[in-house]
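Colleague: Please see the structure below; I have some questions.
The values are calculated or read from the model by the stated rules, or taken from the named source; none is laboratory data. Note that this is a predicted model, so its numbers are computed, not measured. Using ideal geometry, Cβ is built from the backbone for each residue, glycine included, and neighbour counts are taken over all protein chains shown.
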Amino acid sequence: MSKGKRTCRGHSSSTVSRSPSRVPSPGTRLYILRTTTPAIVQNTSTDSTVATTVTEDQPVFTSTVATTTTSSATTTTVTNTTQGWLQKACTTDPECPETNSRCFSGKCLCTPGYYFYKSTKTCVSTCSLGNLLQEVVEYPMWYIFGHNNGGASANTYNACLSACLGDVNCRSFDYRHNGDICSTSYKDALDVPPGDWRPSTTADQLYYYQRVCA
């Protein structure tokens with residue numbers, strides 16, 4: 001898963017005029033660690049590494065990414081930050097105050113394809129590659145069909161996240177939580193034809209993740 005225009009993702013594009021009619025309704029969240037049991041996000045920071053768990057159907061804004069390596073696995077941990085109107089409870093689009101924001105899954109978020117600018121807490125249609133942060137916004141149960149120009153080799157959420165954040169050209173990625181399939185892309189939801197921005201089936205559990213702008 002609008003109120004503005006944009007020139008600039010997905011799994012196949014170029015300059016596109018942004019408009020509210022391009023993005024269908026429902027589904028959304030922020031960069032999280034996948035968990036098998038829903039839980040409220042908690043910060044237990046003693047340094048830059050913070051353990052985090054997340055409610056599976058609530059958008060979460062994440063700010064700091066750290067990795068710790070053991071002999072058997074690498075674990076990505078994150079911290080949570082408050083971003084003003086972002087994640088404000090809502091039932092209709094007019095309840096979300098920011099231009100180019102809308103109500104998704106009961107929370108106010110930027111319309112998919114519009115970048116959340118962390119410095120101004122606004123939704124903007126463009127973000128230069130150099131301003132993409134190591135953070136993402138999650139949109140549950142929506143995804144970009146095709147346009148996988150960033151590759152799709154990771155088979156865990158953390159690996160998929162790291163693959164996108166480690167690629168300076170990656171703007172977004174889709175992750176299939178039921179089956180662990182990763183698809184990174186150099187496009188965002190408004191860079192692709194309207195028909196390629198699609199709702200996921202319950203069986204697939206496909207989520208869309210778009211990077212945050214500085």
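Colleague: Could you grab me the full set of residues in the range 161-179 that are surrounded by 15 or more Cβ atoms within 10 Å (Cβ to Cβ) and not in a helix (DSSP H, G or I)?
Modeller: Initial filter on the range 161-179 (surrounded by 15 or more Cβ atoms within 10 Å (Cβ to Cβ)): 161-165, 167, 170-177.
Result: Asp167, Cys170, Arg171, Ser172, Phe173, Asp174, Tyr175, Arg176, His177.
Colleague: Given the conditions (1) of a type outside the set (Phe, Trp, Tyr); (2) assigned to a helix (DSSP H, G or I); (3) within 12 Å of the chain's Cα centre (by Cα); (4) surrounded by fewer than 20 Cβ atoms within 10 Å (Cβ to Cβ), report the number of the one that Asn158 does not fulfil.
Modeller: The one condition Asn158 does not meet is (3).
Colleague: Shifting gears a bit: Of all residues in the range 131-155, which are in a loop (DSSP other than H, G, I, E, B) and under 25 Å from Ser119 (Cα atoms)?
Modeller: Taking the range 131-155 as the starting set, the residues that turn out to be in a loop (DSSP other than H, G, I, E, B) are 140-141, 145-150, 152-155.
Pro140 - this is the single residue of the range 131-155 that is in a loop (DSSP other than H, G, I, E, B) and under 25 Å from Ser119 (Cα atoms).
Colleague: Between residues in the range 81-103 that are in a strand (DSSP E or B) and residues that are not acidic (Asp, Glu), which pairs lie under 6 Å by C-beta distance while being six or more apart or on different chains?
Modeller: Listed by first residue and then by second, the contacts come to Ser101/Cys108; Ser101/Cys110; Ser101/Cys123; Arg102/Cys96; Arg102/Thr111; Cys103/Cys90; Cys103/Thr92; Cys103/Cys96.
Colleague: For the range 185-208, enumerate the residues that are assigned to a loop (DSSP other than H, G, I, E, B) and either small (Gly, Ala, Ser) or in contact with a Leu (Cβ under 8 Å, 6 or more places away or on another chain) (or both). Even if it seems obvious, please write down each step before you answer.
Modeller: Just the residues of the range 185-208 that are assigned to a loop (DSSP other than H, G, I, E, B), to begin with: 186-193, 200-205.
Within the range 185-208, Ala189, Ser200, Ala203 meet the criteria.
Colleague: Still on this structure, I have one more. Within the range 130-149, can you find the residues that are farther than 26 Å from Gln83 by Cα and in contact with a Leu (Cβ under 8 Å, 6 or more places away or on another chain)? Walk me through it before giving the result.
Modeller: Of the residues in the range 130-149, the ones farther than 26 Å from Gln83 by Cα are 145-149.
Residues satisfying the conditions do not exist here.
Colleague: Right, another one. Any chance you could count how many residues in the range 63-114 are in contact with a strand residue (DSSP E or B) (Cβ under 9 Å, 6 or more places away or on another chain), at pLDDT below 95 and hydroxyl-bearing (Ser, Thr, Tyr)?
Modeller: 12
Colleague: For Arg211, state whether it is part of a strand (DSSP E or B), farther than 19 Å from Ser105 by Cβ, basic (Lys, Arg) and in contact with a strand residue (DSSP E or B) (Cβ under 9 Å, 6 or more places away or on another chain).
Modeller: Criteria met by Arg211.
Colleague: For the condition part of a strand (DSSP E or B) and more than 19 Å from Leu206 (Cα to Cα), what is the one hit in Cys182, Cys108, Cys127?
Modeller: Working: Cys182 fails: more than 19 Å from Leu206 (Cα to Cα); Cys127 fails: part of a strand (DSSP E or B).
Exactly one residue qualifies, and that residue is Cys108.
Colleague: Moving on to the next point. List pairs: first in the range 122-149 and more than 14 Å from Thr111 (Cβ to Cβ), second in a helix (DSSP H, G or I) and of a type outside the set (A, V, I, L, M), Cβ under 7 Å, 6+ apart or cross-chain?
Modeller: Ile144/Asp196; Phe145/Asp196; Gly146/Asp196; His147/Asp196
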